[in-house]
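For reference, the structure discussed in these notes is given below.
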Amino acid sequence: GMRVAWLLAGWCSAQSDNSSTTETAAQVLQKWYDQLEKNMKAPPKGDACVNAEGQTGMEQDCSEGCSIQIQQDTQRFGQFRQVIAAGGGPQTLAALGSALDAERVELVQKRRQLTRMLAFLRGEGNDKFSAEEVSDQVSRGRQCLEGVTSRIEITVSKDGHACVYSSIEKPAMMFANPTLAEENPRDASGASLAIPANLSAVLELESSISKKAFTLANNRYAAAHKLVSYVWMYFPGSFMTMTPYSGSGPEMPEASSTFCFVEFMPWCGMFGPDVSCASPLMMVLANNPAASSWLDCSEFGLLTFSPGNLGESSCWMLPFVGQQAQLIPGRQLPHRTCFGSHPCASSCNMDGAPDFTTQQHITKDGTGYDAELVALLYGLAGQNVSFSSVSYFTTSLSQLALLGVYPEDAALQHHGVQFVLPAEAQSISNGTGRVLTVEMMVEGLLWTLREQPLAEDEVYSLETYHMEHLDAGVVADFVVDQKGATYKDANCQAYARHLLTRVLSHGTRSGQAVELFVASQAPLSRRALVLLAGVSTALLGAALAQLLLLARFVKHCRAAQDT
């Protein structure tokens, strides 16, 4: 009650219309939420392209070309209402599907955020929003409600059969380009002319390093190295390495089956269809049962009942210590405090030299939202400040970097986004930094203010888009939409990919080409080779010792028989 009164008092005092009240603010947001709910349930106007498994499968069907027609109410893929995609191949179709998926992600995130903001305005829940955040969302909601609802539908035709590949409906103001599409020009007979779609930006983004998915890269590697995959499956305690202890990395998979109040890790499909299932018996015998199964009433074994700080301590990752702490089956605790995505995050390079020109901040609640960052971005938006470029970068995971292993595939690396102000602009915060980097970590959102953009020796790959206009309010709106979203909802790769897609959709690109840098570092460094040689030597020494003991045992047995 008091926080709602304080919020609305501050918000209303900043408005010219002092008649705004809690009810009117909540009503606007509720109407916006209801509209988004309706948009998400809108069915396609034709038969959907689905197969027996409920998947589209059209990328394979269009391997030799299809006719792709786009019906759009806004100028998302060109100026006119009906446009066609030249070529009609699987790559074009996948790029169009990804573009509409990105538009749909914004719908889902906005709806989630409005749920939390409405609860806050009604004095429910534990989330807090500032007066500026509520004011901005109410303003955006009014624009959407006062505008029109627009629809985009992609229809695929082949061999006389047509179906709807993908469609989306939402307020025009939420589309990348809210300008309403024009009617197609007509020929002398009055027939509508076929106009090619403008897909240059869509196809360019489809080949971006942001599209590299960890799961696909992991499955490809497993299919090419089956022996390594099976050794990893059966190696004792290997499941411990599946959860990022801190920083970033792939999350532990969810349970695949439940039996008598016991849930089990997936033994089939863990590395895609090219790697067969692991033996459940061997998994239980070879691995720590606490890492592959757990009781509903004790998800994390004995650590379920331990204090939070004690349970998350990296000491439980030590050999035998963690085993004794989890005699009762239970999966590994998330949010460990050992390791990070890269040493000292953005403030140090791999040689450990600190960069004192940075200011680093990380959220305390483990979510992808930070109130201080949003306030800074709103301040820039109020000054009509625009970012001049946005870069998508990847860095090696420190767990691997410390071992001297640097995977070449961007899907096996940590991802983040960098925003740069133009040279003539003021700093982002109190004279500090004209560069902002944003990264999602297990601990929460990490954002850093820097004086200079990331150097090539600080990243593995860097993809830079030059912008004619990118309002800081677009970035702020995205961060507000991540309220309550944790690393499990969107890991570093998904968070960075959604952020890049949002800002590129709502910003205006300049005519400059995309700049791409990829490091030429060898996958295995000298450190890795030395460690590998040391481990191999130790294993060989252990094997020889075992053989010598066996030979000595056989010799004694023969001597005993002779006597």
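The values are calculated or read from the model by the stated rules, or taken from the named source; none is laboratory data. None of the values given here were measured: they were computed from a predicted structure. Neighbour counts are summed over all protein chains in view; Cβ atoms, including those assigned to glycine, are modelled from backbone coordinates with ideal geometry. In case anyone asks, the SASA skips ligands and DNA or RNA and just uses the protein heavy atoms, side chains included. Shrake-Rupley method; radii C 1.70, N 1.55, O 1.52, S 1.80 Å.
Give me, ordered by chain and number, the residues 5 or more places off Ala490 or on other chains with an amide H under 5 Å from its own placed amide H.
Placed amide hydrogens put nothing under 5 Å from Ala490.
Using a probe radius of 1.4 Å on heavy atoms only, what accessible surface per residue do you get for segment 489-538? Whole Å² is fine.
56
When a/c is below 1.5 the answer is rounded, else prolate if a/b is larger than b/c, else oblate, so apply that to segment 132-200 with a ≥ b ≥ c taken from the square roots of the Cα gyration tensor eigenvalues.
Because a/c hits 1.5 or more and a/b exceeds b/c, segment 132-200 counts as prolate.
Given the peptides 167-176, 411-420, 508-517, arrange them by the average over their residues of other C-beta atoms within 10 Å, most packed first. Display every interim value, and only then the final one.
Values: 167-176: 21.1, 411-420: 25.0, 508-517: 12.4.
So the order, starting with the most tightly packed, is 411-420, 167-176, 508-517.
Can you compute the equivalent ellipsoid semi-axes for segment 91-167, i.e. the square root of 5 times each eigenvalue of the Cα gyration tensor, sorted largest first and rounded to whole Å?
37, 14, 10
Under 5 Å between amide H atoms, partner at least 5 residues away or on a different chain: which partners does Ser388 have, H built in plane at 1.01 Å?
Counting only residues 5 or more places away or on other chains, the set is Val420, Leu421.
For segment 65-208, what does the relative contact order come out to in percent, with C-alpha contacts under 8 Å and a separation of six or more?
This gives 39 percent for segment 65-208.
Not counting ligands, DNA or RNA, and with a 1.4 Å probe, what is His506's accessible surface area in Å² rounded to the nearest 10?
Rounded to the nearest 10, the figure is 50 Å².
Would you mind telling me the share, in percent, of accessible area of segment 433-514 contributed by carbon and sulfur at probe 1.4 angstrom?
46
Within 13 Å, Cβ to Cβ, of Lys226, how many net charges do the neighbouring residues add up to if Lys/Arg are +1 and Asp/Glu are -1?
For residues surrounding Lys226, the net value is 0.
Would you mind getting the accessible area per residue of segment 391-442, heavy atoms of the protein chains only, 1.4 Å probe, in Å²?
29
Quick one: net charge of Asn39's neighbours, Cβ under 12 Å, K/R +1, D/E -1?
Numbers: positive: Lys38, Lys41, Arg104, Lys110, Arg111, Arg151, Lys170; negative: Asp34, Glu37, Glu103, Glu106, Glu169.
In short, +2.
In nm, give the distance between the simple-model label positions of Thr24 and Asp296, each being 7 Å from the Cα along the Cα-to-Cβ direction.
Taking the two extended label points, one gets 5.0 nm.
Could you tell me what percent of the accessible area of segment 85-196 is made up of carbon and sulfur, with a 1.4 Å probe and every protein chain present?
50
Name the residues whose placed amide hydrogens come within less than 5 Å of the amide hydrogen of Ser150, ignoring near sequence neighbours (fewer than 5 apart) on the same chain.
Result for Ser150 returns Lys170, Ala172.
Which loop-located GluC sites (Glu not before Pro) does segment 80-137 contain, where loop means any DSSP state but H, G, I, E or B and the Cβ has at most 13 other Cβ atoms within 10 Å?
Values: sites: Glu103, Glu106, Glu124, Glu132, Glu133; in loops: Glu124.
Passing sites in segment 80-137 are Glu124.
Val164: net charge of surrounding residues, Cβ under 10 Å, Lys/Arg +1, Asp/Glu -1, itself excluded?
-1
If you take the beta carbon distance between Asn126 and Gln360 as r and set R0 to 22 Å, what does 1/(1 + (r/R0)^6) give as a FRET efficiency, to the nearest 0.05?
0.25
So if each residue of separation counts as 0.36 nm, and I subtract the Cα-Cα distance between Phe517 and Val108, what length gain in nm does that give? Before the final figure, lay out the partial values.
Values: separation 409, 0.36 × 409 = 147.24 nm, distance 3.27 nm.
Using 0.36 nm per residue and subtracting the Cα-Cα distance, I get 144.0 nm.
If DNA, RNA and ligands are ignored and the probe is 1.4 Å, what is the ranking of Cys260, Cys492 by accessible area, most exposed first?
Sorted by accessible area, descending: Cys260, Cys492.
Over segment 92-233, give the accessible area per residue in Å² for a 1.4 Å probe, as an integer. Present the calculation step by step, with values, prior to reporting the outcome.
Values: 6680 Å² over 142 residues.
Value returned for segment 92-233: 47 Å² of accessible area per residue.
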